[in-house]
């Protein structure tokens with residue numbers, strides 16, 4: 001049974017642009033994340049226990065992006081799965097004792113939590129990152145590699161920026177239907193209030209007679 005989905009069809013020109021820019025994109029993303037890593041390490045007195053987990057997340061993100069860009073440049077991107085990689089765990093027997101593991105330390109999940117701690121340094125990093133992602137070649141990479149947006153999502157969240165998205169294709173709007181016709185070309189049915197229109201007009205005239213206009 002095939003557990004992999006058919007990849008999304010991408011314009012060959014867009015794919016070629018993404019493959020040509022992949023190596024430079026990986027270097028620029030690595031430079032941005034490395035500068036943020038240095039800033040985080042230098043502000044350990046402010047971040048406290050968040051310093052090491054945050055540095056590890058930035059390092060893993062840079063490594064995953066570099067691996068993705070290498071596969072993109074070589075044309076060896078993996079297809080997305082249609083089923084989860086790990087099957088669901090069987091239900092636990094309530095008769096057996098539960099052996100719980102200690103809770104793992106987690107970084108904050110709020111929008112812009114790192115920007116509130118580092119202020120202008122995090123804001124500048126977010127500006128550089130979004131300026132890179134706004135480039136047309138970067139938009140081609142986002143369209144060719146949807147996993148890239150998922151890797152960058154935690155970084156965008158901590159910096160207070162919306163998640164990265166590829167530029168949507170321009171939709172062609174249908175021409176407006178002529179007056180008295182629907183979009184399918186059929187005659188527009190009469191309004192159910194059309195029969196009451198004369199009564200409503202007479203009511204409006206009668207109401208206006210009670211309140212004459214001031215001289």
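The values are calculated or read from the model by the stated rules, or taken from the named source; none is laboratory data. Model, not experiment: these values are computed from the prediction. Counting neighbours? That spans all protein chains shown, and the Cβs are built from the backbone with ideal geometry, glycine included.
What number goes with the only condition from (1) in contact with a helix residue (DSSP H, G or I) (Cβ under 6 Å, 6 or more places away or on another chain); (2) at pLDDT below 90; (3) under 30 Å from residue 16 (Cβ atoms) that residue 76 does not pass?
Of the numbered conditions (1) in contact with a helix residue (DSSP H, G or I) (Cβ under 6 Å, 6 or more places away or on another chain); (2) at pLDDT below 90; (3) under 30 Å from residue 16 (Cβ atoms), the odd one out for residue 76 is (1).
So is residue 157 modelled with pLDDT under 95, loosely packed, with under 15 Cβ neighbours inside 10 Å and under 23 Å from residue 50 (Cβ atoms) or not?
no
Taking the criterion of being crowded, with 17+ Cβ neighbours inside 10 Å and modelled with pLDDT of 90 or more, would at least one residue in segment 41-52 satisfy it?
Within segment 41-52 (the criterion being crowded, with 17+ Cβ neighbours inside 10 Å and modelled with pLDDT of 90 or more), the answer is no, since none of the residues qualifies.
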